[in-house]
Amino acid sequence: MTTPAPVETIDPSAVAGQKLVEKFPGAVTADERPGYSGWVISAEKLTEAAAFIHDELGYDLLSSVTGVDYLEEGKMEVVYHAYQTTGGPALVFKVRVAREDPVTVPSVTPIWVGADFQEREIWDLYGIRFEGHPDLRRILMWEGFAGHPMRKDWKEAFHEEEVKPFKSRWPGGEHIFAENRTAYGDNVSFEAGFDPEKWIPTDPEEALYASLKKYKTEVIDGIPTDHILVNMGPQHPSTHGVFRAVVMLDGENVVSLKPVMGYLHRNHEKIGERNTWLQNMPFTDRLDYFNSMSNNWGYSLAVEKLMGIEVAERAEYLRVIMAELSRIQNHFILIGMLMNDLGAYFTPALYAFEERELILDIFEAASGSRMMCNYHRFGGVVRDVPEEWMKKIHGLVFDRLPGKIDEFDRLLTENELFVSRLKGIGVLTPEQAVNTSMTGPMLRASGIPYDIRRADPYGIYDRFDFNVAVRYNGDMYDRYLIRVDEMRESLKILEQALKQIPEGPVNSQKPSYITKVPAGEAYGRIEAPKGELGYYVVSTGKPNPYRYHVRAPSFINLTSLEMTCVDEKIADFVALLGAVDIVLGELDR
Amino acid sequence: MTPNELNSPDYDIPEELQNVVAITTLDKIYNFGRRSSIWPMMFGLACCAIEMIAAQASRYDLARFGMEVMRPSPRQCDVMIVAGTVTKKMLPAIVRLYNQMAEPKYVVSMGACASGGGPFKEGYNVVAGIDKFLPVDVYVPGCPPTPQALVYGLIKLQEKIDKQSIKQVRWYQKGPDSVEVPIPMLGPDLIDPRRIPEIKAKAAELANPPAPAEESAA
């Protein structure tokens with residue numbers, strides 16, 4: 001056996017960046033602000049550079065696109081994080097433009113379709129126009145809303161102070177009702193001189209329906225045939241919350257489908273930029289409210305990167321245990337709810353909820369809350385798991401859950417009705433899946449074995465022996481099977497973690513309310529049960545984040561929804577949406 | 001309901017008839033029927049909806065209270081559990097759903113967000129409490145409330161129903177049988193139709209600060 005060549009620690013993204021500089025001299029420069037990394041590309045060259053990055057450098061997965069408003073410098077920035085599906089760190093590239101309306105940046109949707117929703121979100125919240133975007137409408141707020149709310153100079157009606165803790169509440173605590181502080185006595189603001197009686201209501205949906213106008217009455221075999229427009233949601237039993245889809249139908253077949261979101265847009269990012277670093281932790285719980293344990297992890301990972309601190313050894317194991325338990329309960333619920341969508345009303349979901357309750361008991365014992373765990377702290381976790389509960393986790397992992405997963409498998413996997421509803425429906429090819437920025441089980445069901453726990457390991461996942469579950473057909477049946485596979489792999493990780501977990505402190509830092517975070521930017525991402533959950537944070541060294549962005553897997557995984565639904569039946573749309581696994585709290589943020 | 005609860009106290013029923021005959025009031029029977037089969041609307045907004053589903057599931061089992069039949073259609077339900085953050089974008093749909101419910105109808109505000117905005121109160125797209133628009137019967141605190149808390153809130157609703165009298169309830173009086181809430185509009189910001197004069201006056205005042213006379217004109 002030959003000795004392996006010495007491993008060279010070359011950052012592949014730095015090499016790629018150098019190539020980029022050579023290819024576009026003068027247009028690409030390294031971002032040299034302290035604490036920042038990546039490459040700044042001039043807006044004129046962005047389209048060409050993006051094509052080069054995608055085609056030549058092989059960064060085929062555009063994970064996150066986000067805007068930042070540098071008010072004092074008079075600049076707006078769009079930050080892109082691109083990855084290779086073969087693994088490795090991100091190539092971060094940015095575009096900086098002057099902060100004068102109209103702010104325009106060329107769209108990268110012709111190269112990565114996955115930028116579609118994210119660019120619409122930036123247009124909605126920051127007012128940056130993306131030239132060449134096929135359908136640039138507001139996505140979270142309604143059409144006609146005054147202003148772009150994430151801009152630093154845009155103030156909401158209940159605005160009290162720039163940053164928390166507010167002087168009215170701390171240290172003295174003389175709180176005045178927000179309603180009594182505002183001009184209109186409510187959470188609304190109108191420009192001076194606004195006259196609601198003369199205001200002509202515009203249809204906020206006009207632009208939406210205009211994009212469906214191209215479907216007109218056709219004459220087929222001498223019979224005039226009309227398309228039917230169906231609005232599903234925001235209150236509909238099959239949409240898993242307040243999601244809405246406008247579906248254009250030809251008979252029962254879907255011709256076109258437009259998702260409408262924002263019905264649960266509760267301004268995580270705006271509030272997050274007012275909070276202190278630690279105050280954001282409980283808000284992350286409320287993103288994907290099935291998996292608060294994983295959400296915490298993504299955020300603490302990003303902030304720990306910025307702070308440059310180590311995580312206590314025992315806490316690393318506790319994080320893995322909680323995240324994997326969370327993944328198992330998420331997939332149980334997903335399968336139960338998918339059966340709901342297919343018409344097996346609530347019985348499979350009841351089986352799923354039984355297991356979920358047992359896992360929630362563990363979360364409650366560890367953190368004090370069933371759902372909103374708020375368990376992670378920078379440098380570890382908030383408290384240890386009680387000793388007798390460690391035994392319960394053992395019992396669950398070694399004795400109960402394997403049998404229960406097998407039971408699901410036995411009852412469903414070869415069930416004739418189940419299989420005939422799922423097999424071959426909503427196929428997403430590997431190329432489509434990567435191009436639309438699918439992550440998580442959606443991507444792996446299409447044959448791309450991309451799992452962040454392996455491709456770009458975080459925490460201590462490099463210590464465990466597990467397989468990246470992958471299925472190759474990309475249809476709905478594979479999207480179900482991959483969840484079963486993943487639950488089994490999670491159990492493998494749990495078994496190893498429970499055997500290896502050392503004793504010791506659960507936090508490497510002293511508990512404190514105010515966290516000192518050096519200036520800079522960081523992107524922390526984890527393999528959440530629904531896909532890649534990323535947090536992009538920018539610090540200016542103050543006690544509050546300057547920018548706090550959540551790259552939500554539910555949101556971006558919907559990019560491919562129209563692609564998978566077209567030419568399928570309307571009834572399949574319901575199941576296809578269920579198989580994507582969306583949670584509205586995270587989708588709309 | 002035990003015979004003791006059902007029977008009105010002042011009537012003696014012969015012992016041999018006690019299992020067969022009950023003498024009671026119409027109110028009691030009417031309310032017993034209503035409160036034992038409250039159908040909630042299958043209507044989840046946010047995190048609280050998951051705890052609402054958990055309350056429906058096997059461990060907490062709302063079926064014990066006759067509340068297991070969740071109806072997706074507002075026409076068929078008796079109680080709207082507002083489970084989660086009410087956003088401005090969603091509000092017109094919620095008010096419309098409430099208007100579509102048939103009397104008698106009740107509203108349970110579940111969780112901190114629905115009761116008063118909760119952690120998201122300061123958000124620009126958040127309505128600080130559904131009670132600014134709909135009449136709420138029971139508030140359930142918590143973020144999110146545990147299923148036990150929701151069950152307790154629904155028991156409180158049952159107690160409230162028990163106290164109603166058929167002679168006084170709104171839906172058997174003359175006049176409109178249902179209270180319609182004007183549907184808010186999505187303009188430059190959320191416009192509550194009931195407050196249009198107020199908004200107009202205030203906006204005019206902001207445009208011309210030293211002109212308090214305009215306020216009285218509106």
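The values are calculated or read from the model by the stated rules, or taken from the named source; none is laboratory data. Since the model is a prediction, treat every value here as computed from it, not as a measurement. All Cβ positions, glycine included, derive from the backbone under ideal geometry; neighbour counts span all protein chains shown. We work out accessible area using only protein heavy atoms, side chains counted, and drop any ligands, DNA or RNA first. Shrake-Rupley method; radii C 1.70, N 1.55, O 1.52, S 1.80 Å.
Looking only at other chains, what is the average number of their beta-carbon atoms within 10 angstrom of each beta-carbon in B:188-194?
6
Give me the distance between the Cα centres of the stretch B:89-115 and the stretch A:318-363, rounded to whole Å.
First find each Cα centre; the distance between them is then 28 Å.
Cα atoms only: what Rg and Dmax, in Å, come out for the protein assembly as shown?
Reported Rg and Dmax, both Å: 27.8, 104.
If I model a spin label at A:Ile220 and A:Thr540 as a point 7 Å from the Cα along the Cα→Cβ vector, what separation in nanometres do I get?
For A:Ile220 paired with A:Thr540, the spin-label model returns 5.8 nm.
Counting C-alpha atoms alone, how compact is the stretch A:527-589: give Rg to one decimal and Dmax as a whole number, in angstrom.
Using the Cα atoms of the stretch A:527-589, the pair Rg, Dmax is 15.8, 53 Å.
I'd like the mean, over residues of B:89-95, of how many other protein chain beta carbons sit within 10 Å of each residue's own Cβ.
Rounded to a whole number, the mean comes out at 5.
Among B:Ala49, B:Ala63, B:Ala128, which one moves the most in a GNM of chain B with springs linking Cα atoms closer than 10 Å?
Maximum fluctuation in the GNM of chain B, among the listed residues, is at B:Ala63.
Let me check against my output: what whole-number percent is the relative contact order of chain A, with C-alpha pairs under 8 Å and at least 6 apart?
Reported as a whole number, the value is 16 percent.
Would you mind telling me the antiparallel percentage of the DSSP bridges in the protein assembly as shown, rounded to 5?
75 percent
Hey, rough spin-label estimate for B:Ser37 and A:Trp389, points 7 angstrom out along Cα→Cβ, what's it come to in nanometres?
Taking the two extended label points, one gets 4.3 nm.
When only DSSP loop residues count, what GluC sites (Glu not before Pro) in the stretch A:1-92 have their Cβ near at most 16 other Cβ atoms within 10 Å?
Passing sites in the stretch A:1-92 are A:Glu8, A:Glu32, A:Glu56, A:Glu72, A:Glu73.
Take the Cβ-Cβ distance between A:Thr104 and B:Thr2 as r, set R0 to 60 Å, and report the resulting FRET efficiency rounded to the nearest 0.05.
0.20
Restricting to bridges with both residues inside the stretch A:12-131, how much of the DSSP beta-bridge set is antiparallel, in percent to the nearest 5?
If we restrict to bridges inside the stretch A:12-131, about 75 percent are antiparallel.
State the Kirkwood hydrodynamic radius of the stretch A:12-131 in Å, one decimal place, computed from all pairs of distinct Cα atoms.
One over the average 1/r among Cα pairs gives 14.3 Å for the stretch A:12-131.
Looking at the stretch A:467-505, which GluC sites (Glu not before Pro) are DSSP coil and have at most 11 other C-beta atoms within 10 Å of their C-beta?
Hits after loop and neighbour filter: A:Glu503.
If you take every DSSP beta bridge whose two residues both sit in the stretch B:13-158, what share of them, in percent to the nearest 5, is antiparallel?
10 percent
Before anything else, pin down the relative contact order of chain B: Cα pairs under 8 Å, at least 6 apart, normalised by residue count, whole percent.
Rounded, it is 17 percent for chain B.
Using C-alpha positions alone, give me the convex hull volume of chain B per residue in cubic angstrom.
162 Å³
According to a simple spin-label model (label point 7 Å from Cα along Cα-to-Cβ), what is the distance in nm between A:Asn467 and A:Asp567?
Result: 3.2 nm between the two label points.
Please identify, among B:Tyr172, B:Tyr106, B:Tyr139, the residue showing maximal mean-square fluctuation in a Gaussian network model of chain B using a 10 angstrom Cα cutoff.
Among B:Tyr172, B:Tyr106, B:Tyr139, the largest mean-square fluctuation in the Gaussian network model of chain B belongs to B:Tyr172.
Does anyone have the angle between helix B:147-162 and the longest principal axis of chain B? Alpha-carbon axes, 0 to 90°, nearest 10?
Roughly 70 degrees, rounded to the nearest 10.
Per 0.36 nm of contour for each residue apart, how much would the distance between B:Asn208 and B:Arg170 grow if the chain were fully extended, relative to their Cα-Cα spacing?
Full-extension gain reported as 9.2 nm.
Keeping all protein chains in place, calculate the accessible area per residue for the stretch A:324-474 (probe 1.4 angstrom), answer in Å².
With the other protein chains kept in place, the stretch A:324-474 gives 37 Å² per residue.
Could you please state, rounded to a whole Å, how far the C-alpha centre of the stretch B:1-64 is from the C-alpha centre of the stretch A:436-475?
51 Å
First measure r as the distance between the Cβ atoms of A:Val15 and A:Ala519, then evaluate 1/(1 + (r/R0)^6) with R0 = 35 Å and state the FRET efficiency to the nearest 0.05.
0.85
For the B and A pair, go ahead and give the buried accessible area with a 1.4 Å probe, both sides summed, in Å² to 100.
Summing both chains' loss of accessible area gives about 5500 Å².
For the stretch A:483-589, report the accessible area per residue in Å² (1.4 Å probe, heavy atoms, rounded to an integer).
30 Å²
In a GNM of chain B with a 10 Å cut-off on Cα contacts, which of B:Thr25, B:Thr85, B:Thr146 has the highest mean-square fluctuation?
Of B:Thr25, B:Thr85, B:Thr146, the most mobile in the Gaussian network model is B:Thr25.
Roughly speaking, to the nearest percent, how much of the stretch B:69-142's 1.4 Å accessible area is carbon and sulfur?
54 percent
Across the residues of B:75-84, average count of Cβ atoms on other protein chains within 10 Å?
For peptide B:75-84, the averaged partner shielding equals 1.
Please compute the contact order of the stretch A:268-588 in relative form: average sequence separation of alpha-carbon pairs under 8 Å and at least six residues apart, divided by the residue count, as a percent.
Over the stretch A:268-588, the number comes to 27 percent.
Residue-wise, which Karplus ³J(HN,Hα) couplings in Hz belong to the stretch A:352-366, taking 6.51 cos²θ - 1.76 cosθ + 1.60, θ = phi - 60°, and x for glycine or proline?
Coupling constants for the stretch A:352-366: 5, 5, 4, 5, 4, 4, 5, 6, 5, 4, 5, 4, 5, 5, 6 Hz.
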